[in-house]
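*Asks:* Before I ask anything, here is the structure I am working with.
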Amino acid sequence: DGGITQSPKYLFRKEGQNVTLSCEQNLNHDAMYWYRQDPGQGLRLIYYSQIVNDFQKGDIAEGYSVSREKKESFPLTVTSAQKNPTAFYLCASSRGDWAYEQYFGPGTRLTVT
Amino acid sequence: GQQVMQIPQYQHVQEGEDFTTYCNSSTTLSNIQWYKQRPGGHPVFLIQLVKSGEVKKQKRLTFQFGEAKKNSSLHITATQTTDVGTYFCAGKAMDSNYQLIWGAGTKLIIKP
């Protein structure tokens, strides 16, 4: 069964701690993306990767880091430098560049107190 | 910067009434995509429009892409409870290879 998995679904952390969100896809897609969604708002791009071992900053990359060591995996680390980390984080993938539809994972809801 | 304005932010309708959401871009788009996000869920791709003036239908949903490729709309005829959710448009600027520009979404609420 092909798709994108994100874990965990809910994550709670204390301020000052780094936390890594997992994203795995078995769709054989080249491109992967991380978005942040705040209540009642649209999606904002954090990072994206169009090929393995390469990634680019999106609009709100500050306080986040990523890696793309394998085609299937694109983990996101929310560092303590991110001022407002509480949000819903969505991972997506697509066959190629921005001309292709994006498939989203179920998301991780991060709460930092 | 480049942006896509999506209106309205919310729309309350009685079941059976029609619903429309509009997206207007500050720049010409090469394509526009539409997604639906159910409450508590994740966005799901609905359709992509590429050609100027294109109209596509999916059952009760009609999608349009403007002649100037700067605006788009989604119209739902005779809404049902299964239509509840937030509808997003996302377009790629024609003069840029950099990312999709997302609208803020329109939330469809069915009045009881």
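The values are calculated or read from the model by the stated rules, or taken from the named source; none is laboratory data. None of these values were measured; they are calculated from a predicted model. Please note: Cβ atoms are built from the backbone with ideal geometry, for glycine as well, and neighbour counts cover all protein chains shown. Keep in mind that these areas ignore ligands, DNA and RNA; they rest on the heavy atoms of the full protein, side chains included. Shrake-Rupley method; radii C 1.70, N 1.55, O 1.52, S 1.80 Å.
*Asks:* Count neighbours as other Cβ atoms within 10 Å of each site's Cβ, and list the trypsin sites (Lys or Arg not before Pro) in the range A:59-113 that are DSSP loop with at most 11 such neighbours.
*Replies:* When the trypsin sites (Lys or Arg not before Pro) of the range A:59-113 are filtered for loop state and at most 11 Cβ neighbours within 10 Å, A:83 remain.
*Asks:* Tell me, what is the per residue accessible area of chain B in Å², probe radius 1.4 Å?
*Replies:* Per residue, chain B has 48 Å² of solvent-accessible surface.
*Asks:* Moving on to the next point. Whole-Hz ³J(HN,Hα) for each residue in the range B:78-83, computed from phi via Karplus 6.51 cos²θ - 1.76 cosθ + 1.60 with θ = phi - 60°, x for glycine and proline: what do you get?
*Replies:* Listing the rounded values in order: 6, 4, 10, 4, 6, 7 Hz.
*Asks:* Can you give the mean number of other chain Cβ atoms that lie within 10 Å of the Cβ atoms in peptide A:94-107?
*Replies:* 5
*Asks:* May I ask for the longest run of chain B untouched by trypsin sites (Lys or Arg not before Pro) that are loop-located per DSSP and have at most 13 neighbouring C-beta atoms (other than their own) within 10 Å?
*Replies:* B:60-112
*Asks:* Could I ask something else about it? Which FRET efficiency value, to the nearest 0.05, is calculated for residue A:86 and residue B:38 with the Förster distance at 22 angstrom and r the Cβ-Cβ distance?
*Replies:* 0.50
*Asks:* To continue, here is another question. How about the range A:1-53: which trypsin sites (Lys or Arg not before Pro) there lie in a loop by DSSP and see at most 13 other Cβ atoms within 10 Å?
*Replies:* A:9, A:14
*Asks:* For the range A:1-53, what does the accessible surface come to per residue with a 1.4 Å probe? Please give it in Å².
*Replies:* The answer is 55 Å² per residue.
*Asks:* Using DSSP, restrict attention to beta bridges with both residues in chain B and report what percent are antiparallel, rounded to the nearest 5.
*Replies:* 90 percent
*Asks:* Of all the accessible heavy-atom surface of chain B, with the other protein chains kept in place and a 1.4 Å probe, what percent is carbon and sulfur?
*Replies:* 52 percent
*Asks:* Related question: To make sure I understand the rule: partners must be lysines, Cα under 28 Å from the Cα of residue A:71, and not fewer than 8 residues away in the same chain. Which ones qualify?
*Replies:* Partners found: A:9, A:57, B:36, B:92.
*Asks:* Which semi-axis lengths, in whole Å and largest first, follow from the square roots of five times the eigenvalues of the Cα gyration tensor of the range B:11-112?
*Replies:* Values for the range B:11-112, descending: 24, 14, 10 Å.
*Asks:* Please compute how much accessible surface disappears when A pairs with B, both sides summed, using a 1.4 Å probe, and round it to the nearest 100 Å².
*Replies:* 1500 Å²
*Asks:* Can you give me the relative contact order of the range A:64-113 as a percent, contacts being Cα pairs under 8 Å and 6 or more apart?
*Replies:* After rounding, I find 30 percent.
*Asks:* Now for a separate question. Go ahead and run the numbers for FRET between residue A:41 and residue B:59, Cβ-Cβ distance against an R0 of 25 Å, rounding to 0.05.
*Replies:* Efficiency computed from Cβ-Cβ geometry: 0.30.
*Asks:* Next question, about the same structure. Suppose we flag GluC sites (Glu not before Pro) only when DSSP calls them loop and at most 14 other Cβ atoms lie within 10 Å. Which is the longest uninterrupted stretch of chain A?
*Replies:* Longest run free of exposed loop sites: A:16-61.
*Asks:* Now a separate question. At 7 Å along Cα-to-Cβ for each site, give me the label-to-label distance between residue A:97 and residue A:30 in nm.
*Replies:* In this crude spin-label approximation the distance works out to 0.9 nm.
*Asks:* Ok, one more. How many percent of Cα pairs in the range A:36-90 exceed 17 Å?
*Replies:* The calculated P(r) of the range A:36-90 puts 37 percent of pairs beyond 17 Å.
*Asks:* At residue A:51 and residue B:109, where each label point lies 7 Å from the Cα along Cα→Cβ, what is the point-to-point distance in nanometres?
*Replies:* 4.8 nm
*Asks:* Then there's this: Compute the distance in nm between two label points, each set 7 Å from the Cα along the Cα-to-Cβ direction, one at residue A:73 and one at residue B:97.
*Replies:* Taking the two extended label points, one gets 2.9 nm.
*Asks:* How high is the relative contact order of the range A:8-99, in percent, counting Cα pairs under 8 Å that sit 6 or more residues apart?
*Replies:* Answer for the range A:8-99 is 36 percent.
*Asks:* How large is ³J(HN,Hα) for each residue in the range B:37-47, as worked out from phi by the Karplus curve 6.51 cos²θ - 1.76 cosθ + 1.60 (θ = phi - 60°), to whole Hz, x for Gly and Pro?
*Replies:* In residue order, the calculated couplings are 10, 6, x, x, x, 10, x, 10, 5, 9, 6 Hz.
*Asks:* Pop out a list of residues from the range B:12-42 that are at least 50 Å² less accessible with all the protein chains around than in their chain alone; 1.4 Å probe, no ligands or nucleic acids counted.
*Replies:* The answer is B:42 - residues whose exposure falls by at least 50 Å² when every protein chain is included.
*Asks:* Per the Kirkwood treatment, what hydrodynamic radius in Å, one decimal, follows for the range A:3-113 from the mean inverse distance over all distinct Cα pairs?
*Replies:* Roughly 13.8 Å, rounded to one decimal.
*Asks:* Using modelled amide H (1.01 Å from N, peptide plane; none on Pro or chain starts), what sits under 5 Å from the amide H of residue B:15, excluding residues fewer than 5 places away?
*Replies:* Amide H to amide H, under 5 Å and 5 or more residues apart or across chains, residue B:15 pairs with B:111.
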